[in-house]
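Derivation of every value follows stated rules applied to the coordinates shown; laboratory data play no part. Worth saying up front: this structure is predicted, and the values here are computed from it rather than measured. Reconstructed Cβ throughout: ideal geometry from the backbone, glycine too, with neighbour counts over all protein chains shown.
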Amino acid sequence: MKLIATDLDGTLLNENGEISEKNAQMLKQALEQGVQVIVATGRSYTAANKTLQAVGLKLPIICLNGASLYTAEGEKLRSIPLSKSLSSKIVDQCESNQVYFELYTNKGVYSPNRSQFIDVMVNIMLSANPTISREEIEERAALRFQEEAFNTTNDFQGLIIKDDIEVYKALAFSLEADVLDKIKEKFNEEDKLVITSSGYDNLEFNHPEGQKGIALSLYAAENNIELDDVMAIGDNFNDLSMLKIAGHSVAMGNAEQTIKNTCSTVTDKNTKDGVAKAIKKILN
């Protein structure tokens, strides 16, 4: 194995949004043995890099689901934005269906307002974790604003048409699956858009060329690494494009069943150092 690509949320990160000591140790051991490691995430570069810095890791990063690719030194190698017309249509659908959404741009992340985000995330977390207190969930939701540098606006259409703004990803949240399905159906005929998700409660919009699998293929080719020598680890549908092309694909124990069915092997959950266990097995 010459290259390991790992997702962050639900994969490398535990329930506290952190890289565990065991996961960090195994990544460092892989690097010491000459295996390259790259992170592939839906997060922005800044938010992704922050989690790596916390455990002393300096890695190349595929971010925004593949819309951007950065070197370990922070140099941007590639960026694939959505068209302004499609970005406008996505915003229109999100606003008309009254769902919370975010736009990831070259100028940072834009959202409607902080209080709306907190309300949405608290409701989503409460539905998934009914035994946890509302106070604790509110604290977890508030951490999101420390992970991403949010800007707020009430004029998304005005933002999109600015010459210096490029939209790389849109992210919509809702607890109502039928609402998300309704939005998704509006884009069935769009060939310049791919819609995935990183959870049951969201939709992620990217350019078809801005996917994890494509960015990973380009990175591997640039480093003269065959895809048969790549291991990819993930847990959700925005990971599928890289899991399908990797010579060795690993699904997390907490992954959706469709993801598990796609992969060549299944490791433990993200709350139990699943990434470390998968890497240890492959290194041995």
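Can you compute the modelled spin-label distance between Q53 and E95, with each label point 7 Å from Cα toward Cβ, in nm?
Each label point lies 7 Å from its Cα, and together they span 3.4 nm.
Which of H207, H248 comes first, and how do the rest follow, when ranked by fewest Cβ neighbours within 10 Å?
Fewest to most other Cβ atoms nearby, the residues stand as H248, H207.
Tell me the label-point distance for the pair T152, K281, using the 7 Å Cα-to-Cβ offset, in nm and rounded to one decimal.
If labels sit at T152 and K281, their model points lie 4.6 nm apart.
D163: net charge of surrounding residues, Cβ under 15 Å, Lys/Arg +1, Asp/Glu -1, itself excluded?
Cβ neighbours under 15 Å give a net charge of +1.
Between N261 and S115, what length in nm is gained on full extension when 0.36 nm per residue of separation is reduced by their alpha carbon distance? All intermediate terms of the calculation are to be shown ahead of the outcome.
On the way: separation 146, 0.36 × 146 = 52.56 nm, distance 3.85 nm.
Answer, rounded to one decimal: 48.7 nm.
Given the rule -39500 (n - 2.57) for each run of at least 4 DSSP H residues, summed and divided by the residues of the chain, what is its mean residue ellipticity at 222 nm, to the nearest 500 deg cm²/dmol? Please list the in-between numbers first.
Details: 11 runs with 110 residues, N = 284.
It comes out at -11500 deg cm²/dmol, rounded to the nearest 500.
Compute the angle between helix 134-147 and the longest alpha-carbon principal axis of the chain, please, reported from 0 to 90 degrees and rounded to the nearest 10.
Tilt relative to the chain: about 80 degrees.
Over the chain, what relative contact order in percent results from Cα pairs under 8 Å that are six or more residues apart?
Details: 551 pairs, mean separation 65.3, N = 284.
23 percent.
When each pair of different Cα atoms in the stretch 1-119 is counted once in the 1/r mean, what is the Kirkwood radius in angstroms, to one decimal? The partial results should precede the final answer.
Numbers: mean 1/r = 0.0626 Å⁻¹.
About 16.0 Å, per the Kirkwood formula over Cα pairs.
What full-extension length gain, to one decimal in nm, is calculated for E135 and E226 as 0.36 nm per residue of separation minus the Cα-Cα distance?
Details: separation 91, 0.36 × 91 = 32.76 nm, distance 4.83 nm.
Separation in residues times 0.36 nm, less the Cα-Cα distance, equals 27.9 nm.
Return the long-range amide H neighbours of A5 (sequence gap of 5 or more, or a different chain), with a cut-off of under 5 Å between placed amide H atoms.
Excluding prolines and chain starts, which carry no amide H, the hits are I38, M231, A232, I233.
Around G247, with a cut-off of 9 angstrom between Cβ atoms, what is the net charge of the other residues, counting Lys and Arg +1 and Asp and Glu -1?
On the way: positive: none; negative: E226, D228, D229.
Here the charged neighbours net out to -3.
Ratio of alpha-carbon Rg to the 2.2 N^0.38 Å globular estimate for the stretch 137-284, to two decimals, please.
Compared with the compact-globule rule of thumb, the stretch 137-284 sits at 1.21.
Hey, what do the phi angles of the stretch 263-273 turn into as Karplus ³J(HN,Hα) couplings, whole Hz, using 6.51/-1.76/1.60 and θ = phi - 60°, x for Gly and Pro?
Coupling constants for the stretch 263-273: 8, 7, 8, 10, 9, 6, 6, 5, 7, 10, 6 Hz.
Would you mind telling me which residue in D229, D178, D268 has the biggest mean-square fluctuation in a Gaussian network model of the chain, where springs connect alpha carbons within a distance under 10 angstrom?
D178
What is the local net charge at Q98, summed over the other residues whose Cβ is closer than 14 Å to its Cβ (Lys, Arg +1; Asp, Glu -1)?
Details: positive: K182; negative: D92, E95, D119, E176, D178.
Computed value for this residue: -4.
Can you list residues from other chains, or at least 5 along the same chain, whose modelled amide H is less than 5 Å from the amide H of L77?
Here the answer is L69, Y70, T71, since their amide H atoms fall under 5 Å of that of L77.
So what does log10 I(q)/I(0) come out to for the chain at q = 0.09 Å⁻¹, using the Debye formula with one equal point on every Cα and no solvent?
So the normalised log intensities are -0.40.
Sort C94, C63, C263 by Cβ crowding within 10 Å, fewest neighbours at the top. Walk me through the numbers on the way to the answer.
Numbers: C94 25, C63 28, C263 22.
With the fewest neighbours first, C94, C63, C263 line up as C263, C94, C63.
I'd like the orientation of helix 274-283 relative to the chain: the angle between its Cα long axis and the longest Cα principal axis, in ° from 0 to 90, rounded to 10.
30 degrees
Express as a percent, rounded to the nearest 5, the fraction of DSSP beta bridges in the stretch 1-117 (both residues included) that run antiparallel. Provide the component values of the computation, followed by the final result.
Numbers: 10 of 16 bridges.
Antiparallel bridges: around 60 percent, rounded to the nearest 5.
Give me the angle, in degrees from 0 to 90, between the Cα long axis of helix 212-222 and the longest principal axis of the Cα atoms of the chain, rounded to the nearest 10.
Tilt relative to the chain: about 40 degrees.
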